[in-house]
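S.K.: Right, I'll just put the structure down here and ask away after.
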Amino acid sequence: MRLYEGMFIISDTVAGSDWEGTVNQVHDLLKNRGAEILQSEKWDERKFAYKLKGHKRGSYLLVYFNAPEDSILHIKRDLQLSDNVLRALIVKTDKIKESKSEEKSATIISEDASHAPVASE
């Protein structure tokens with residue numbers, strides 16, 4: 001089993017009406033191929049530079065999961081056949097990166113520290 005990071009672009013029409021159902025569908029698709037979901041996070045909805053399968057907008061889903069190496073080709077094929085997933089990128093990774101909300105709070109803390117008075121000569 002290896003650790004993978006998957007970024008999935010979900011159709012805006014489906015994401016707006018049934019986000020949880022769509023996330024469960026992606027998770028089930030991964031689990032059916034032997035994957036173990038470790039972390040899942042919704043990112044922003046964005047406008048595309050060009051249409052993807054006829055859509056101008058989409059929502060991003062970031063998933064960290066453990067899976068057997070030989071199952072990734074099957075997972076990618078299943079994702080291509082899905083109507084709700086417009087595009088997917090799966091890469092090997094060594095560790096789970098901080099979530100966007102954790103990064104924002106870390107940035108705020110570091111910004112507050114930078115406003116501390118500094119002794120001048």
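S.K.: Please specify each residue of the range 80-121 satisfying the condition of being aliphatic (A, V, I, L, M), more than 14 Å from the chain's Cα centre (by Cα) and at pLDDT 60 or above.
M.R.: LEU81
S.K.: Please tell me if SER40 is out of contact with any Leu (no Cβ under 8 Å at 6 or more places or on another chain), among the small types (Gly, Ala, Ser) and within 21 Å of LYS97 (Cβ to Cβ).
M.R.: no
S.K.: Another question, then. Filter the range 11-37 down to the residues that are over 22 Å from LYS97 (Cβ atoms) and in contact with a helix residue (DSSP H, G or I) (Cβ under 7 Å, 6 or more places away or on another chain), then identify the one that is modelled with the lowest pLDDT.
M.R.: ALA15
The values are calculated or read from the model by the stated rules, or taken from the named source; none is laboratory data. Because the structure is predicted, anything quoted here is derived from the model rather than measured. Methodologically, a virtual Cβ is constructed for each residue, glycine included, from the backbone with ideal geometry; neighbour enumeration extends over all protein chains shown.
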